[in-house]
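Worksheet: the structure to be examined is printed underneath.
The values are calculated or read from the model by the stated rules, or taken from the named source; none is laboratory data. This one's a predicted model, so the numbers in the text were calculated from it and none came from an experiment. When we count neighbours, we look across all protein chains shown, and the Cβ atoms used for this are built from the backbone with ideal geometry, even at glycine. Note: accessible area is taken over every heavy atom of the protein model, side chains too, but ligands, DNA and RNA are not part of it. Shrake-Rupley method; radii C 1.70, N 1.55, O 1.52, S 1.80 Å.
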Amino acid sequence: MAKYAFFLGCIAPLRYPGIEKSTREVCKALDIELVDLDDASCCPAPGVIRAFNKKTWLAAAARNLALAEQKGLPIMTICNGCYGTLFDAAHELNGNPEALKEVNEVLKEIGMEYKGTTEVRHFAEVLYNEIGVEKIKEKVTKPLEYQVATFYGCHFLKPSAIKNLDDPENPHILDDLVEATGAKSMPRQQKMLCCGAGGGLKAAFGDVAMKFTQTNLENMQASGAKYIIDVCPFCHLQFDGSQKDLGFNMPVLHLSQLYGLAMGMSEQDLGLSAHITPVVL
Amino acid sequence: MVSPNPEFFNELTAAGAGDVKLCFQCGTCTAGCPSGRRTSYRTRKLMRMAQLGLREEILNSEELWECSTCYTCVERCPRQVPIVDIVISLRNLAVAEGHMYPNHKNTAKNFSKYGHTVPVKDDITALRESLGLPGIPPTVLASDKAKADLDKILTVTGFDKITSE
Ligand code: SF4
Ligand code: SF4
């Protein structure tokens, strides 16, 4: 049985708890054991905290990695931002004695050490690579005939030189995962365009971020998609929170919520009341 | 008036952005940049300014903060210039000199205060409970010891300088 330390991050537990709930339920249904990564903090966010102070970013990330190392488990994230930070930090530290020595100078202050052994995984990629689309299909009890727009976001697949999960310009794994539920992923223009929220853009220049989002929404609507399926609570927040102002009305679901539905979870348990764009199923 | 600073390259190297020297100015990055399409930010130009040592112009610029870190340019750059890492390093230098947007400062303060970038909200706590989840997630929010550890990391690495006024 696959077993992971479940890294919650910030936006899922504190804004869209339905994503956390759905992930727990879906993993249970797929025989993936999740152990809470108690005491973890923000990853910390790659576009803001890392941009402010790389030393703080790396040390706080190393603390999170060390918490998982103490449990002897790989980390599983449900957010591209967390995945970006923790994967990058592990890439920088694991097998690099000099970088480890430097970060451990900081961790020593709190009586911790990171040895450099934690592996970092993303929920969607765990489902694709460890469980597989065929096994997922067997667990679908309520096939969904939705036409959907899949949204990969940026930090799930990129930088592909170190992540190596799929073609970053023309990927398919999320489409395959979504279609395992019976839904249809609608092809569209500029599918890999950033949602606009990353890199601190949403906070500093919200109007610029909205322009990215608007282009995405226009292309999604033109494709005939009725729902947006994401793998990142921050993209989720950007699409969910912006549509009212931009005049769109496409419900936004994290992959875990789509899977929860397809595997028989009640709508109640998906935590849809936290969504700003109403979710009509 | 532009003021080239020849020492800047050493500073960049120390900050982890020395690979900016690899850029040969082809413009592939700018051509595919979703931010450049919507703002006055030009990726190639920023790389050139860094090479030339236009330190003050870069650290004072709005454009430095208009990259969404989408990695489109990094995927396509024929010279494997780590563009996003360079942008991040430049931002570190800017922040160290006090260039920071108020909303970014708020995010930094949230991180200091909660150990998370967003605050706890009562309606979400209630929703968590109705879903059978602990009202407060089992993170640093639920442990004083864990929070004290994180605080220590922030102090030792100088993050408190960013959040103080
Ligand atoms: S794509 Fe690379 S080499 Fe070309 S201008 Fe941009 S950073 Fe320089
Ligand atoms: S990472 Fe930044 S500079 Fe590169 S394409 Fe994306 S927004 Fe433009």
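The Cα trace of the range B:58-165 gives Rg and Dmax of 17.9, 52 Å, the first to one decimal, the second as a whole number. Between the Cα long axis of helix A:97-107 and the first principal axis of chain A there is an angle of about 90°, rounded to the nearest 10. Have a look at B:THR163, B:PRO119, B:LEU133 and report the one farthest towards the positive end of the charge dipole of the range B:102-163, computed about the Cα centre with Cβ charges (Lys/Arg +1, Asp/Glu -1). Projecting each Cα onto the dipole axis, the largest value belongs to B:THR163.
One equal scatterer on each Cα of the range A:89-139, no solvent, Debye formula: the resulting log10 I(q)/I(0) at q = 0.26, 0.32 Å⁻¹ is -0.92, -1.13. Principal axis analysis of the Cα atoms in the range B:7-96 yields extents of 30, 25, 18 Å, listed in decreasing size. In chain A, the calculated helix contribution to ellipticity at 222 nm averages -13000 deg cm²/dmol per residue, counting -39,500 (n - 2.57) for every DSSP H run with n ≥ 4. Taking the Cα centre of chain A as reference, the dipole from Cβ charges on Lys and Arg (+1) and Asp and Glu (-1) amounts to some 380 debye. Out of every Cα-Cα pair that the range A:112-155 contains, those further apart than 15 angstrom amount to 66 percent.
Taking the charge dipole of the protein assembly as shown about its Cα centre, with +1 at Lys and Arg Cβ atoms and -1 at Asp and Glu Cβ atoms, the residue from B:VAL95, B:LEU150, B:CYS23 reaching farthest to the positive side is B:CYS23. Distance from the Cα centroid of the range A:130-208 to that of the range A:1-48 is 18 Å (rounded to whole angstrom). Overall, the range A:2-122 carries a charge dipole of about 240 debye about its Cα centre when +1 sits on the Cβ of Lys and Arg and -1 on the Cβ of Asp and Glu, all other atoms neutral. Counting only residues at least eight positions apart within a chain, or on another chain, the lysines with an alpha carbon under 18 Å from that of A:LYS3 are A:LYS21, A:LYS28, A:LYS71, A:LYS135. Highest GNM mean-square fluctuation, chain A, Cα pairs closer than 10 Å: which of A:PHE234, A:PHE248, A:PHE87? Checking each option, the largest mean-square fluctuation is seen for A:PHE248. In terms of Cα atoms, the Rg and Dmax of the range A:2-122 work out to 14.0, 42 Å.
In summary, the range A:172-281 shows an alpha-carbon radius of gyration equal to 1.04 times the 2.2 N^0.38 Å reference for compact globular proteins. Evaluating kT/(6 pi eta Rh) at 4 °C and 1.567 mPa s, with the Kirkwood radius of the range A:54-105 over Cα pairs in the Stokes-Einstein relation, gives 115 µm² s⁻¹.
Neighbouring Cβ atoms from other chains, within 10 Å of the Cβ of residues in A:6-17, number 6 on average.
Its Cα gyration tensor gives the range A:51-148 an equivalent ellipsoid. The semi-axes, each the square root of 5 times an eigenvalue, are 34, 14, 10 Å from largest down. Relative contact order of chain A: 22 percent, from C-alpha pairs under 8 Å at least 6 residues apart in sequence.
Applying a 4.7 Å cutoff between beta carbons, the unpaired cysteines of the protein assembly as shown are A:CYS10, A:CYS27, A:CYS42, B:CYS23, B:CYS26, B:CYS33, B:CYS67, B:CYS77.
Under the criterion of Cα pairs below 8 Å and six or more residues apart, the relative contact order for the range A:37-78 equals 39 percent.
Accessible surface computed residue by residue for chain A, with neighbouring protein chains in place and a 1.4 Å probe, gives 35 Å² per residue. Once the cut-off is 37 Å, how many percent of the Cα-Cα pairs in the protein assembly as shown end up in the long-distance tail? So the portion of pairs separated by more than 37 Å is 21 percent. Between helix B:144-156 and chain B, what is the angle of the helix's C-alpha long axis to the longest principal axis, kept within 0 to 90° and rounded to the nearest 10? Once rounded, the angle reads 20 degrees. Comparing B:CYS67, B:CYS26, B:CYS77 in a Gaussian network model of chain B (Cα springs below 10 Å), the most mobile by mean-square fluctuation is B:CYS26. Annotation for the range B:117-140 versus the range B:1-47: alpha-carbon center distance of 42 Å.
For the pair the range B:60-114 and the range A:52-86, the centres of their Cα atoms are 19 angstrom apart. Considering helices alone, the calculated mean residue ellipticity of chain B at 222 nm is -14000 deg cm²/dmol, with DSSP H runs of length four and up weighted by -39500 (n - 2.57) and normalised per residue. Its Cα gyration tensor gives the range B:102-163 an equivalent ellipsoid; the semi-axes, largest first and in whole Å, are 25, 15, 5. Per residue, the convex hull spanned by the Cα atoms of the range B:82-135 amounts to 118 cubic angstrom.
For the set B:THR43, B:THR30, solvent exposure ranked by accessible area (probe 1.4 Å, protein chains only) runs largest to smallest as B:THR30, B:THR43. Between the residues A:GLY95, A:SER160, A:LEU73, the greatest Cα displacement towards the positive end of the dipole of the range A:66-181, with unit charges on the Cβ of Lys, Arg, Asp and Glu, is found for A:LEU73. Which of A:GLU92, A:GLU119, A:GLU25 moves most in a GNM of chain A, Cα contacts under 10 Å? The residue that fluctuates most here is A:GLU92. Of the residues A:MET1, A:MET76, A:MET263, ranked by 1.4 Å probe accessible area with the largest first, the sequence reads A:MET1, A:MET263, A:MET76. The heavy atoms of A:SER185 present about 10 square angstrom of accessible area, all protein chains included, probe 1.4 Å. Remark: relative contact order (chain B) = 20 percent; criterion is Cα-Cα distance under 8 angstrom and separation of 6 or more residues. Each Lys and Arg Cβ is given +1 and each Asp and Glu Cβ -1; about its Cα centre, the range B:102-163 then shows a dipole of about 240 debye.
Would you kindly calculate the translational diffusion coefficient of the range A:182-242, applying Stokes-Einstein with the Kirkwood radius from alpha carbon pairs, for 37 °C and a viscosity of 0.692 mPa s, and quote it in µm² s⁻¹ without decimals? Reported coefficient: 274 µm²/s. Pairs of lysines 8 or more apart, or on different chains, with alpha carbons under 16 Å: count those in the range A:187-281, would you? Close lysine pairs found across the range A:187-281: 5.
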